[in-house]
Amino acid sequence: MTGFRITDGIDRGTAFQFTCDGETVTAYPGESIAAALMAAGKRRTRVSARLQMPRGLYCGMGVCWECIMVVDGKPAVRACMTPAEPGMPVQTQHGVGPGARA
């Protein structure tokens, strides 16, 4: 699936990139990590600890914690509440922390 981002008639500022699981993702100033990932067509943010099921953005306002990811090496960061920054490394969270397998 390709990403979705409205571009006609909108001045978003200068685009920048960060990485998610080693892949380059384009973002714009003011976008959250989750918004940039959704626009790039990336839906999975974590894998659940117990059932190993893919999870992703749900509430989009920091209440549900479904979108937690590993950001700059720190686990359990809410992607919907964290602004994307140039060059930041982001990883899908597995279980309760980076690389954790429950």
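The values are calculated or read from the model by the stated rules, or taken from the named source; none is laboratory data. Just so we're clear, the structure is a prediction, and the values are computed from it rather than from any experiment. Cβ atoms come from the backbone with ideal geometry, glycine included; neighbour counts cover every protein chain shown. Quick note on the areas: whole protein, heavy atoms, side chains included, nothing else; ligands and nucleic acids left out. Shrake-Rupley method; radii C 1.70, N 1.55, O 1.52, S 1.80 Å.
Answer with yes or no whether GLN91 is polar (S, T, N, Q) and touching a Ser or Thr at 6+ places or on another chain (Cβ under 8 Å). Criteria not met by GLN91. Do we find a residue being basic (Lys, Arg), in a strand (DSSP E or B) and closer than 17 Å to GLN93 by Cα anywhere in segment 39-48? Yes: segment 39-48 contains one or more residues that are basic (Lys, Arg), in a strand (DSSP E or B) and closer than 17 Å to GLN93 by Cα. In segment 1-30, the qualifying residues are those that are open to solvent by less than 100 Å² (accessible area, probe 1.4 Å) and hydrophobic (A, V, I, L, M, F, W, C), and the one that is nearest to the chain's Cα centre (by Cα) is CYS20. Taking every residue in segment 9-38 that is farther than 12 Å from ALA84 by Cα and pairing it with any residue that is of a type in the set (S, T, N, Q) and open to solvent by 70 Å² or more (accessible area, probe 1.4 Å), at least 6 positions away or on another chain, the pairs with Cβ-Cβ distances below 9 Å are ASP21/GLN91; GLY22/GLN91; THR24/GLN17.
Is it fair to say GLU85 is touching a Phe, Trp or Tyr at 6+ places or on another chain (Cβ under 9 Å), in a loop (DSSP other than H, G, I, E, B) and modelled with pLDDT of 95 or more?
Details: touching a Phe, Trp or Tyr at 6+ places or on another chain (Cβ under 9 Å): yes; in a loop (DSSP other than H, G, I, E, B): yes; modelled with pLDDT of 95 or more: yes.
So GLU85 passes the test.
Would you check which residues across segment 47-66 are among the hydrophobic types (A, V, I, L, M, F, W, C) and in contact with a Ser or Thr (Cβ under 7 Å, 6 or more places away or on another chain) and list them?
Going residue by residue through segment 47-66, those that are among the hydrophobic types (A, V, I, L, M, F, W, C) are 47, 49, 51, 53, 57, 59, 61, 63-65.
Listed by number, the residues that qualify are VAL47, LEU57.
Checking each residue in segment 9-61 for being basic (Lys, Arg) and in contact with a strand residue (DSSP E or B) (Cβ under 6 Å, 6 or more places away or on another chain) picks out ARG43, ARG44, ARG46, ARG55.
The single residue among ALA36, ALA27 that is closer than 24 Å to PHE16 by Cβ, aliphatic (A, V, I, L, M), modelled with pLDDT of 90 or more and touching a Lys or Arg at 6+ places or on another chain (Cβ under 9 Å) turns out to be ALA36. Scanning segment 49-100 for residues that are open to solvent by 100 Å² or more (accessible area, probe 1.4 Å), without any contact (Cβ under 8 Å) to a residue 12 or more places away in the chain and not aliphatic (A, V, I, L, M) yields TYR58, LYS74.
For segment 63-82, the condition of being of a type outside the set (Gly, Ala, Ser), more than 16 Å from VAL96 (Cβ to Cβ) and at pLDDT below 95 holds for at least one residue.
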